[in-house]
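Chemist: First the structure, then my questions, so here it is.
The values are calculated or read from the model by the stated rules, or taken from the named source; none is laboratory data. Remember, it's a predicted structure, so these values are computed and weren't measured experimentally. Backbone-built Cβ (ideal geometry, glycine too); neighbour counts: all protein chains shown. Protein only, heavy atoms only, side chains kept; ligands, DNA and RNA dropped before computing areas. Shrake-Rupley method; radii C 1.70, N 1.55, O 1.52, S 1.80 Å.
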Amino acid sequence: MIQEVLRQLPAESTQQAVGYPTLFTLVALGSLVPVVPTGALVSSAAVVAFHQTSPFTLLYVFAVASGAAFLGDICLYWLGQRGVRSKNGSKWLEAITRRAAPERLEQAQRKLDEHGAVVLVLSRLLPAGRIPVMLACLLGRMPLRQFARGDVPACLAWAATYQLIGILGGSLFAEPWQGVLAAVVLTLVISGAPAVWRRLRARWAH
């Protein structure tokens, strides 16, 4: 019976019914576990939405992506708080700590002291900047409510940035798959550029 209903739905409606929950799940999961390229997902979804007929599709992608990112951040922060309060720590706090280089953590703590929760917005936009700032907030015992207030604009700015990358890719190519490929490549380059630069700088220093 479900298959009959899906056949009667327009192709665009079917894509939305399947695509939005999938996008939400993957972005939220990627915020918890760094195995999903969430930026590339949002950009790819924006490319597909750009080629749809509905003018609200891009707005839906933005709402789903930013909401999922916020949920993932809050869950990860809550799990990290449990580790900070526990005498034995937790695997989540250990995972966050392993992903934050000491020098990046020190820089994040300094910026957090100087600018407060505003740093959360920049941390979401900078590649590999989210975790050091989140760990600095955890070690500074920032309340979950205060972290959430700073994380809302951070997730909105993050979703808007990667959606704009997708819109750019969609506008440059006639076929959606071409735009998706361009958006994925661009987001991966942006995400990997800081790590490559640090390795090159370390090599030159020796």
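Chemist: If you go through region 171-185 one residue at a time, do you hit one that is under 25 Å from residue 95 (Cβ atoms) and at pLDDT 60 or above? Spell out how you get there, then give the answer.
Modeler: Narrowing region 171-185 to residues under 25 Å from residue 95 (Cβ atoms): none.
The answer is no; no qualifying residue exists.
Chemist: While we're looking at this one, here's another question. Of the conditions (1) farther than 28 Å from residue 143 by Cβ; (2) open to solvent by 70 Å² or more (accessible area, probe 1.4 Å), residue 46 satisfies every one except a single condition; which number is it?
Modeler: (2) is the only condition that residue 46 fails.
Chemist: Starting from region 78-104, take each residue that is closer than 10 Å to residue 135 by Cβ and list its partners that are aromatic (Phe, Trp, Tyr) and assigned to a helix (DSSP H, G or I), counting only C-beta distances under 6 angstrom and pairs at least six apart or across chains.
Modeler: So the pair list comes out as 80/92.
Chemist: To continue, here is another question. Based on what the data block shows, is residue 25 modelled with pLDDT of 90 or more, part of a helix (DSSP H, G or I) and touching a helix residue (DSSP H, G or I) at 6+ places or on another chain (Cβ under 8 Å)? Show your work before the answer.
Modeler: Working: modelled with pLDDT of 90 or more: yes; part of a helix (DSSP H, G or I): yes; touching a helix residue (DSSP H, G or I) at 6+ places or on another chain (Cβ under 8 Å): yes.
Considered against the rule, which asks whether it is modelled with pLDDT of 90 or more, part of a helix (DSSP H, G or I) and touching a helix residue (DSSP H, G or I) at 6+ places or on another chain (Cβ under 8 Å), residue 25 comes out as yes.
Chemist: If you don't mind, there's one more thing I want to ask. Please specify each residue of region 49-62 satisfying the condition of being open to solvent by 60 Å² or more (accessible area, probe 1.4 Å) and either touching a residue at least 60 places away in the same chain (Cβ under 8 Å) or part of a helix (DSSP H, G or I) (or both). Can you show your working first?
Modeler: Residues of region 49-62 open to solvent by 60 Å² or more (accessible area, probe 1.4 Å): 50-51, 53, 55-56, 59-60.
Correct list: 50, 51, 59, 60.
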